[in-house]
Amino acid sequence: MTTIDNGSGTRELKGKRALVTGGSRGIGAAVVRHLLDAGAEVLTTARSATGTVPEGATLVAADVRTRAGSETLAAAAQEVLGGVDVLVHNAGGARPYKDASAIPDEEWQDALDLNYLASVRLDSLLVPGMRERRSGTIVHVSSAVVPTPVGPFLHYTAAKAALENYSRGLASELAPFGIRVNTVTPGKVATPGGEATREQWARLDPTQGGNTATVPLGRVGQPDDIAHAVLFLVSDRASWLTGSNLVVDGGEFPRG
Ligand SMILES: NC(=O)c1ccc[n+]([C@@H]2O[C@H](COP(=O)([O-])OP(=O)(O)OC[C@H]3O[C@@H](n4cnc5c(N)ncnc54)[C@H](OP(=O)(O)O)[C@@H]3O)[C@@H](O)[C@H]2O)c1
């Protein structure tokens, strides 16, 4: 039974082993904190081992853009946790360019590796264990700008679009094994990465970049807003949810 500590004093993820990519700051750090509060054991990663992570979590240095980084992380998860029940693919991002034609080849590849292929590779290493146990939950973190792609971010939005499509397909494939796969899609969130990207975009295009006055609910998101959605999806309260995409954006980017 997985449940979340929702203020009633229960620790609903007790006994669960969680792996979160990119947990040293921003949304990932909030997800790590919430998982710990809910009683899970948590391993996380960032490129530098000197990064700080919420107390109680274990940090392993690994670059998820590479196959070698994914293998390091999967091996560490086996050694430290003994397996993974909850997998949150959070590491992601990309810097903006003036327009699509200014995005260099290597940045397209980098955006694909970080925002899409990192999930594919790590899933391929950790899903077999989940299949054997016939249980597990996976969350992929996308971006609310996918349906309205713009030139400066096409490398990023195209990679996140691929991620959403992949996540939905993986959900179908793994449902018969009792493994749930969902996507959480943030809008504008106040994180070091999000703020830096919006500042870079504002320098390239002062009319577009950095504009946060457009959020209908009147504020940018906080990392906790996204972590709440992730925690819901990995808990048994979402036990009939798979292949879904939970958009958490203050109402700014309607879909469908
Ligand atoms: N913030 C927003 O407004 C926003 C909006 C939509 C979607 N998102 C998505 O939400 C997720 C988290 O964003 P955030 O704003 O919290 O990012 P952030 O503040 O930049 O934090 C990113 C985290 O990922 C780690 N990381 C980055 N590259 C990595 C790599 N190659 N290998 C391993 N770890 C890596 C970073 O540590 P190191 O740098 O030390 O590696 C850090 O811990 C991303 O997928 C992003 O695309 C964010």
Seminar exercise, completed: Whole-Hz Karplus couplings 3J(HN,Hα) for region 143-153, θ = phi - 60° and coefficients 6.51, -1.76, 1.60, Gly and Pro as x, run 8, 5, 7, 3, x, 10, x, 10, x, x, 10
Exercise. Once you list every other residue whose beta carbon is under 14 Å from the beta carbon of Leu174, what net charge do they have if Lys and Arg are +1 and Asp and Glu are -1?
Worked result: +1
Problem set entry | Max mean-square fluctuation residue, GNM over the chain, Cα-Cα springs under 10 Å, options Ala175, Ala229, Ala102 | Ala102
Exercise. So for region 62-124, Kirkwood radius off the Cα pairs, Stokes-Einstein at 37 °C and 0.692 mPa s: how many µm² s⁻¹?
Worked result: 255
Exercise. If Lys and Arg each add +1 and Asp and Glu each add -1, what is the summed charge of the other residues whose beta carbon sits under 11 Å from the beta carbon of Val248?
Worked result: -3
For this session: Using a 10 angstrom cutoff on alpha carbons, build the Gaussian network for the chain and name the most mobile of Gly169, Gly26, Gly92.
Result: Gly169
Problem set entry | Fraction of the pair-distance distribution of the chain above 33 Å, Cα-Cα pairs, percent | 14
For this session: Hydropathy first: keep DSSP H helices in the chain averaging at least -1.0 on Kyte-Doolittle, then drop any whose Cα extent along the axis falls short of 24 Å, and list what survives.
Result: 154-174
Exercise. Add -39500 (n - 2.57) for each DSSP H run of 4 or more in the chain, then divide by its residues: what number comes out at 222 nm, to the nearest 500 deg cm²/dmol?
Worked result: -12000 deg cm²/dmol
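Go through region 7-76 and name the GluC sites (Glu not before Pro) that are in a DSSP coil and have 11 or fewer other Cβ atoms within 10 Å of their Cβ.
Hits after loop and neighbour filter: Glu55.
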Exercise. If you take the alpha carbon radius of gyration of region 16-85 and divide it by 2.2 N^0.38 Å, what ratio comes out, to two decimals?
Worked result: 0.98
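A short reminder: the numbers here are calculations on the coordinates, not readings from a lab. Quick caveat, the model's predicted, so the values are computed rather than measured. Don't worry about glycine lacking a Cβ; one is built from the backbone with ideal geometry, like all the others, and counts go over all protein chains shown.
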